[in-house]
Amino acid sequence: MKLPFPYTLKRSARRKRLAITIADGKVVVAIPAKMSAKQALAFIQEKRGWVEEKLAWQLEKKAQTPAFTFQEGDQFSYLGERYGLQVELGSEDVALVGNMIKVVTTNDEPQGVRQRLLHWYYHRAQAYMTQRIAYFSPCLGVPSPSFVGVKHYKSRWGVCYEDGRIFFHWGLMMAPAWVVDDVIVHELAHLQHMNHSKDFWALVATVSPDYKASTQWLKEHGSFLNF
Ligand SMILES: [Zn+2]
């Protein structure tokens, strides 16, 4: 029987069981050295539904993620607003000018522009988060965090540690302000409740009554908040 997707068989003397990996739309099947191709095919056949689902999901995700070229024509979001990229050679600077995001850089190659933009988002995030935290801490009646930082995270928007340090994913700066606010309120509320208990959510809701809407927004658009 033929499968509806191509795959590559990889034999390995050390391998004891068959394993299927799907990356970049390619299916690789690692099998023990002694397993026959026919046996392998039978296994893959069994997992066919799962493989197809995963392939479709990866394809969809790829189509959704804007492919930035870091050249003029690209659009970048800042607090939910879209700005057209403008690149100029000169001493390092990034500024929002009207509906443009103007990047001045000594290296106008895509990688140079990307670096400059990334740097700018980190800095803006640091300033913005610090300022919003100063605003929201008294609203929630929680102490100020011991430290506020900005990082890159693969699958989270913020972290609050027991010692009072709070970190945010820089990509949040591309989300609308109301979504960012809800993430800030969420992490700040952890300074009071180090869990997701009823009391925690009740405290969040005093300031972010629509926190479920922002959670949903991040679920739908989170993959865009990155480059
Ligand atoms: Zn939490």
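Worth pointing out:
- Scanning the stretch 84-126 for residues that are in contact with a helix residue (DSSP H, G or I) (Cβ under 9 Å, 6 or more places away or on another chain) and either hydroxyl-bearing (S, T, Y) or in contact (Cβ under 8 Å) with a residue 40 or more places away in the chain (or both) gives T105, T106, L118, Y121, Y122, R124, A125.
- Number of positions in the stretch 207-221 that are part of a helix (DSSP H, G or I), closer than 22 Å to H190 by Cα and not polar (S, T, N, Q): 7
- Here L18 qualifies as surrounded by 13 or more Cβ atoms within 10 Å (Cβ to Cβ) and either among the hydrophobic types (A, V, I, L, M, F, W, C) or modelled with pLDDT of 95 or more (or both).
- Checking E187 against (1) crowded, with 19+ Cβ neighbours inside 10 Å; (2) of a type outside the set (A, V, I, L, M, F, W, C); (3) under 30 Å from G73 (Cα atoms), the condition it does not meet: (3)
- When N195 is tested against (1) out of contact with any Ser or Thr (no Cβ under 9 Å at 6 or more places or on another chain); (2) closer than 21 Å to G80 by Cα, just one condition goes unmet, and that condition is (2).
- Unique residue being in a loop (DSSP other than H, G, I, E, B) and crowded, with 17+ Cβ neighbours inside 10 Å when the list is V103, V113, V142, V148: V142
- Matching residues in the stretch 65-77 - criterion: being surrounded by fewer than 17 Cβ atoms within 10 Å (Cβ to Cβ) and closer than 13 Å to K102 by Cβ: E72
- Taking the conditions (1) in contact with a helix residue (DSSP H, G or I) (Cβ under 6 Å, 6 or more places away or on another chain); (2) more than 30 Å from R116 (Cβ to Cβ); (3) of a type outside the set (G, A, S); (4) part of a loop (DSSP other than H, G, I, E, B) in turn, F70 satisfies each one other than (2).
- Hits in the stretch 168-206 (condition: touching a residue at least 12 places away in the same chain (Cβ under 8 Å), within 13 Å of the ligand (Cβ to nearest atom) and assigned to a helix (DSSP H, G or I)): D182, V183, I184, V185, H186, E187, L188, A189, L203, V204
- Which listed residue, of K34, K16, K38, is basic (K, R) and touching a strand residue (DSSP E or B) at 6+ places or on another chain (Cβ under 7 Å): K16
- Odd one out for Y161 among (1) within 13 Å of the ligand (Cβ to nearest atom); (2) touching a helix residue (DSSP H, G or I) at 6+ places or on another chain (Cβ under 9 Å): (2)
- Residues that are surrounded by fewer than 18 Cβ atoms within 10 Å (Cβ to Cβ) and β-branched (V, I, T), drawn from the stretch 151-174: V159
- Qualifying residue in the stretch 113-123 (condition: within 16 Å of the ligand (Cβ to nearest atom) and of a type in the set (A, V, I, L, M)): no
The values are calculated or read from the model by the stated rules, or taken from the named source; none is laboratory data. Small disclaimer: the values here were computed from a predicted structure and weren't measured. Here Cβ is always computed from backbone atoms with ideal geometry, including for glycine, and neighbour counts include all displayed protein chains.
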